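The values are calculated or read from the model by the stated rules, or taken from the named source; none is laboratory data. Remember, it's a predicted structure, so these values are computed and weren't measured experimentally. No Cβ is skipped: glycine too gets one built from the backbone with ideal geometry, and neighbour counts run over all protein chains shown.
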Amino acid sequence: MFSSSIGCFVFCSLISGSHLYPLSARVRTNTFKEFKSVSVKVQLSDVGAEAGASTASSVVSCAIECISRESTCYSFLYDSTTKTCTLGSFLVLSENLGDSMRGTFYYVPGTFCDNTQVNFTVRSSVTFSSCLWISNDSLSYQNATEKCRALGASMYTIRVKEKLDILTDAAQEYPAGLYPWIGLDDIQQENVFRWSDDNSILNVSWTIWQQDQPNNDGNQDCVYYSSSHQLINDWDCNDSFNYVCEMIPSFT
Ligand SMILES: [Ca+2]
Ligand SMILES: [Ca+2]
């Protein structure tokens, strides 16, 4: 019943109330929207944002708690049965849920899988989901990066193995194979690979590279995902590939 009016409800309540809840300008201008699924699981953000659970008497109380965190809360999960309010910067679909994680997901439009220009969709592995778009066109790495940014997104990152699984799963829809750029390169410093969304250094303990990669063969500084290997490979940034953009809430 609050699906599209909860933000206004909260905002209007706060306007007429005291100054207990200092709001950021960004949240003020947005309303929470219901995500059309009850299959939601909280996943701590891989960009380091906070998440937590508490008790709230209503979905509105939960929303108030979310926006009272100012710029760090763009979404929350509310379970009306257990009255559990889970604030999170990155709440994702999951196919195998514990009861404690059931509920209705609300998010600020534009921060979670919501884009009017191209068809971002939620794709899931068994335990993780991501809001992404796989392009039909092919661009150089730099142009692909700029295209994702123009869409309010960033190039897809694979900090957790589940996100590799998501691409592998998506590739089944591409009989000829899927070889898209992801947001990883060693342009800044040779053989120091950094995620393009926040410039952090690649640090995974599981196999992500194809065998004998990265090899920098002929000066390769950008990285694509190979569906035939289900792993990644460094390649010439100037070559054109499909690319994957990902929508993640921003934390400013
Ligand atoms: Ca290189
Ligand atoms: Ca290579």
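Right, LEU164: within 13 Å of ligand 1 (Cβ to nearest atom), crowded, with 17+ Cβ neighbours inside 10 Å and under 18 Å from the mean Cα position of the chain (by Cα) or not? In short, no. The single residue among TYR179, TYR224 that is surrounded by 14 or more Cβ atoms within 10 Å (Cβ to Cβ) and within 16 Å of ligand 1 (Cβ to nearest atom) turns out to be TYR224. Against the criterion of being modelled with pLDDT under 70, more than 12 Å from VAL244 (Cα to Cα) and over 14 Å from the mean Cα position of the chain (by Cα), ASN115 does not qualify. The set of residues from the range 230-243 being crowded, with 18+ Cβ neighbours inside 10 Å, more than 23 Å from the chain's Cα centre (by Cα) and more than 9 Å from ligand 2 (Cβ to nearest atom) comprises just one member, CYS237. Looking across the range 192-229, the residues that are within 19 Å of PHE241 (Cβ to Cβ), of a type in the set (Phe, Trp, Tyr) and either more than 10 Å from ligand 2 (Cβ to nearest atom) or in a loop (DSSP other than H, G, I, E, B) (or both) come down to PHE193, TRP195, TYR225. Identify the residue in the range 239-252 that is of a type in the set (S, T, N, Q) and within 20 Å of ILE134 (Cβ to Cβ) and, among all such residues, is farthest from ligand 1 (Cβ to nearest atom). This residue is ASN242. When the range 182-221 is limited to residues that are within 15 Å of ligand 1 (Cβ to nearest atom) and acidic (Asp, Glu), the one that is surrounded by the most Cβ atoms within 10 Å (Cβ to Cβ) turns out to be ASP185.
Per the listing ARG159, ARG149, the residue uniquely away from ligand 2 (no atom under 16 Å from the Cβ), touching an Asp or Glu at 6+ places or on another chain (Cβ under 6 Å) and not in a strand (DSSP E or B) is ARG159. Residues in the range 227-238 that are out of contact with any Cys (no Cβ under 8 Å at 6 or more places or on another chain) and near ligand 1 (Cβ under 10 Å from one of its atoms): none.
Listed by first and then second residue, the pairs linking a residue in the range 190-216 that is under 19 Å from SER227 (Cβ atoms) to a residue that is within 16 Å of ligand 2 (Cβ to nearest atom) and among the aromatic types (Phe, Trp, Tyr), with Cβ atoms under 6 Å apart and 6 or more places separating them unless they lie on different chains, form an empty list.
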